[in-house]
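*Asks:* First the structure, which I've put down as structure tokens, then a few questions once you've had a look.
The values are calculated or read from the model by the stated rules, or taken from the named source; none is laboratory data. Quick caveat, the model's predicted, so the values are computed rather than measured. Neighbour counts run over all protein chains shown; Cβ positions are idealised from the backbone, glycine included.
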Amino acid sequence: MPFEPTAKVQDLQRRLAAFMDEHIYPNEPRHANEAESLGPWQVHPVIEELKPKARAAGLWNLFLPESGHGAGLSNLEYAPLCEIMGRSFLAPEVFNCSAPDTGNMEVLARYGTAEQQARWLVPLLAGEIRSCFAMTEPGVASSDATNIASSIVRDGDDYVVNGQKWYTTNATDPRCRIAIFMGKTDPDSPDRHRQQSMILVPMDTPGVTVVRALPVFGFYGMPDRASEVRFENVRVPVSNMLLGEGRGFEIAQGRLGPGRIHHCMRLIGLAERALERMCRRSLGRVAFGKTVAEQGVTVERIAESRILIEQSRLLTLNAAHRMDTVGNKVARTEIAMIKVAVPQMAARVIDWSIQAHGGGGTSNDFGLAHAYAMARVLRLADGPDEVHRQQIGRLELRKYG
């Protein structure tokens, strides 16, 4: 299957790369400093300064395939652009292409009512607000979404929402205005996949408490704004229900497919950046009378990194093509495969790059510690490796059953 970008995508690649060179890479040290000094509870000014520039450059909402809301790109067309953005933690939000907002916007665009879209999707598309996705819970093994214990109970014209959520990315952000909350409306249903629903919960509703920011390998604010959130007798109108009672698992599957592939696309860019840094560092450092690049183990790691990145890119492009041509459900094997392969690849390449940098690689000076943290956490986010392997294995066995 040829994956040559279309003329439209090639033009966007050039413009995106130029914007990265002019605005993103020079501002990375400032972004890292703001994330560390201001933390996860405040807006990072550099992002707000760059967003209008990205929008003016026509590099905005590139992730949405629906031409009425986004750039009208397919998953395959978006892949090389997402990879470029993934080279920097600063970039995705600047282009309004960062998780979990992208997934939430896709949910609202596909499943939201006109009223829900007007109230929440429009300001999200404009980059005026942010959102969070409240699914994972500390009290249950959330790798199995049917375990969710949170409740959504009908009471007249309202639903009453209760639950404890964590790793709810963005909840500490003062611009976060809306949560998509997953809980059980019918815990006694014999169909375990029809017990759950999703509902829109404004973050300023009484009973919503952002308990704390959660560190990701000791980092707050970057690479993630992971948060713990408590929902206590939160009342929201019946009109806030998404799609209907019992449709939560269906929405989750529709949401997580694109989310998983976007993470993988960005990780490929992050791995490319790590390899680039490994090459430059090893060429510029001398040990035992020759450059680090001339040491046998380093040049082998560079070669292996190139092989691993290319394998992951082809797997990801194939998954994107399958999603575009046969749909997310049929392409679930391909999506599961990249969700296992790409984070493992990125973590290995970044680890080798850290090794080539010596002790400096573990500091924040080269961006590799942040990169490793994100690659490692993505072996858990959107489903752990073990769950995806189980799915891949079962689907493979089904061919011979």
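*Asks:* Scan the range 185-219 residue by residue and report those that are of a type in the set (Ser, Thr, Tyr) and in contact with a Leu (Cβ under 8 Å, 6 or more places away or on another chain). Working first, answer last.
*Replies:* Restricting attention to the range 185-219, the residues satisfying the condition of being of a type in the set (Ser, Thr, Tyr) are 185, 189, 197, 205, 209.
If the condition is that a residue be of a type in the set (Ser, Thr, Tyr) and in contact with a Leu (Cβ under 8 Å, 6 or more places away or on another chain), then 197 is the only one that fits.
*Asks:* Could you list, in sequence order, all residues of the range 103-140 that are within 21 Å of residue 172 (Cβ to Cβ), in a loop (DSSP other than H, G, I, E, B) and polar (S, T, N, Q)?
*Replies:* 136 - this is the single residue of the range 103-140 that is within 21 Å of residue 172 (Cβ to Cβ), in a loop (DSSP other than H, G, I, E, B) and polar (S, T, N, Q).
*Asks:* Would a scan of the range 303-325 turn up a residue that is in contact with a strand residue (DSSP E or B) (Cβ under 6 Å, 6 or more places away or on another chain) and either at pLDDT 90 or above or not assigned by TED's automatic domain parsing to the domain that holds residue 110 (or both)? Steps first, please.
*Replies:* Taking the range 303-325 as the starting set, the residues that turn out to be in contact with a strand residue (DSSP E or B) (Cβ under 6 Å, 6 or more places away or on another chain) are none.
No - not one qualifying residue is present in the range 303-325.
*Asks:* Every residue in the range 207-266 that is on the phi > 0 side of the Ramachandran plot and either out of contact with any strand residue (DSSP E or B) (no Cβ under 9 Å at 6 or more places or on another chain) or buried (at least 24 other Cβ atoms within 10 Å of the Cβ) (or both), please.
*Replies:* Answer for the range 207-266, where residues must be on the phi > 0 side of the Ramachandran plot and either out of contact with any strand residue (DSSP E or B) (no Cβ under 9 Å at 6 or more places or on another chain) or buried (at least 24 other Cβ atoms within 10 Å of the Cβ) (or both): 217, 218, 221.
*Asks:* Then there is this: List pairs: first in the range 4-33 and over 18 Å from residue 317 (Cβ atoms) and of a type in the set (A, V, I, L, M), second in a helix (DSSP H, G or I) and modelled with pLDDT of 95 or more, Cβ under 7 Å, 6+ apart or cross-chain?
*Replies:* From the range 4-33, the pairs are 17/84; 20/84; 20/91; 24/91; 24/94.
*Asks:* Does the range 85-102 include one or more residues that are assigned to a helix (DSSP H, G or I), more than 21 Å from residue 270 (Cβ to Cβ) and not β-branched (Val, Ile, Thr)?
*Replies:* So in the range 85-102, the residues assigned to a helix (DSSP H, G or I) come out as 85, 91-94, 101-102.
Cutting the leftovers down to more than 21 Å from residue 270 (Cβ to Cβ) gives us none.
No, the conditions are met nowhere in the range 85-102.
*Asks:* Quick one: would you say residue 354 is at pLDDT 95 or above, of a type in the set (Val, Ile, Thr) and either not assigned by TED's automatic domain parsing to the domain that holds residue 101 or not in a helix (DSSP H, G or I) (or both)?
*Replies:* Details: at pLDDT 95 or above: yes; of a type in the set (Val, Ile, Thr): yes; either not assigned by TED's automatic domain parsing to the domain that holds residue 101 or not in a helix (DSSP H, G or I) (or both): yes.
Judged against the criteria, residue 354 is a match.
*Asks:* For residue 26, indicate whether it is closer than 19 Å to residue 325 by Cα, modelled with pLDDT of 95 or more and outside any loop (DSSP other than H, G, I, E, B). Step through it out loud before you land on a result.
*Replies:* Details: closer than 19 Å to residue 325 by Cα: no; modelled with pLDDT of 95 or more: yes; outside any loop (DSSP other than H, G, I, E, B): yes.
The answer is no for residue 26.
*Asks:* Here is a list of conditions, (1) surrounded by 21 or more Cβ atoms within 10 Å (Cβ to Cβ); (2) out of contact with any Phe, Trp or Tyr (no Cβ under 6 Å at 6 or more places or on another chain), and residue 150 meets all of them except one; can you say which number that is?
*Replies:* The single condition residue 150 does not satisfy is (1).
*Asks:* Can you tell me which condition residue 127 does not meet? The list is (1) of a type outside the set (Phe, Trp, Tyr); (2) in contact with a strand residue (DSSP E or B) (Cβ under 9 Å, 6 or more places away or on another chain); (3) crowded, with 21+ Cβ neighbours inside 10 Å, and all the others hold.
*Replies:* If we test residue 127 against (1) of a type outside the set (Phe, Trp, Tyr); (2) in contact with a strand residue (DSSP E or B) (Cβ under 9 Å, 6 or more places away or on another chain); (3) crowded, with 21+ Cβ neighbours inside 10 Å, just (2) comes out false.
*Asks:* Within the range 141-178, which residues are among the hydrophobic types (A, V, I, L, M, F, W, C) and not in a loop (DSSP other than H, G, I, E, B)? Before the answer, list the steps.
*Replies:* Step one: of the range 141-178, the residues among the hydrophobic types (A, V, I, L, M, F, W, C) are 141, 145, 148-149, 152-153, 160-161, 166, 171, 176, 178.
Within the range 141-178, 145, 152, 153, 160, 161, 166, 176, 178 meet the criteria.
*Asks:* While we're looking at this one, here's another question. Looking only at residues in the range 234-288 that are among the β-branched types (Val, Ile, Thr) and not in a helix (DSSP H, G or I), which one is modelled with the lowest pLDDT?
*Replies:* Step one: filter the range 234-288 for residues among the β-branched types (Val, Ile, Thr), giving 234, 236, 238, 251, 261, 268, 286.
With the extra rule that they be not in a helix (DSSP H, G or I), the set shrinks to 234, 236, 286.
Details: 234: 98, 236: 98, 286: 89.
My answer is 286.
*Asks:* Does any residue of the range 166-176 turn out to be of a type in the set (D, E, K, R) and in the same structural domain as residue 27 (by TED's automatic domain parsing)? Working first, answer last.
*Replies:* Our first condition is that a residue be of a type in the set (D, E, K, R); within the range 166-176, this holds for 173, 175.
From what is left, the residues that are in the same structural domain as residue 27 (by TED's automatic domain parsing) are none.
No, the conditions are met nowhere in the range 166-176.
*Asks:* Hey, another quick one. Among what's in the range 297-330 and is more than 19 Å from the chain's Cα centre (by Cα) and either among the acidic types (Asp, Glu) or closer than 14 Å to residue 388 by Cβ (or both), pick the residue that is surrounded by the most Cβ atoms within 10 Å (Cβ to Cβ).
*Replies:* Among those that are more than 19 Å from the chain's Cα centre (by Cα) and either among the acidic types (Asp, Glu) or closer than 14 Å to residue 388 by Cβ (or both), it is 324.
*Asks:* Mind listing just one residue for me: the one in the range 33-62 that is touching a Lys or Arg at 6+ places or on another chain (Cβ under 8 Å) and either among the hydroxyl-bearing types (Ser, Thr, Tyr) or assigned to a loop (DSSP other than H, G, I, E, B) (or both) and, of those, surrounded by the most Cβ atoms within 10 Å (Cβ to Cβ)? Let's see the steps before the verdict.
*Replies:* Of the residues in the range 33-62, the ones touching a Lys or Arg at 6+ places or on another chain (Cβ under 8 Å) are 40, 43, 46, 57-59.
Now narrow it down to the ones that are either among the hydroxyl-bearing types (Ser, Thr, Tyr) or assigned to a loop (DSSP other than H, G, I, E, B) (or both): 43, 57-59.
Numbers: 43: 13, 57: 15, 58: 13, 59: 23.
That would be 59.
*Asks:* Another question, if that's okay. Consider residue 212 carefully, then state whether it is part of a strand (DSSP E or B), under 30 Å from residue 368 (Cβ atoms) and under 24 Å from the mean Cα position of the chain (by Cα). Spell out how you get there, then give the answer.
*Replies:* Values: part of a strand (DSSP E or B): yes; under 30 Å from residue 368 (Cβ atoms): yes; under 24 Å from the mean Cα position of the chain (by Cα): yes.
For residue 212, the condition - part of a strand (DSSP E or B), under 30 Å from residue 368 (Cβ atoms) and under 24 Å from the mean Cα position of the chain (by Cα) - is met.
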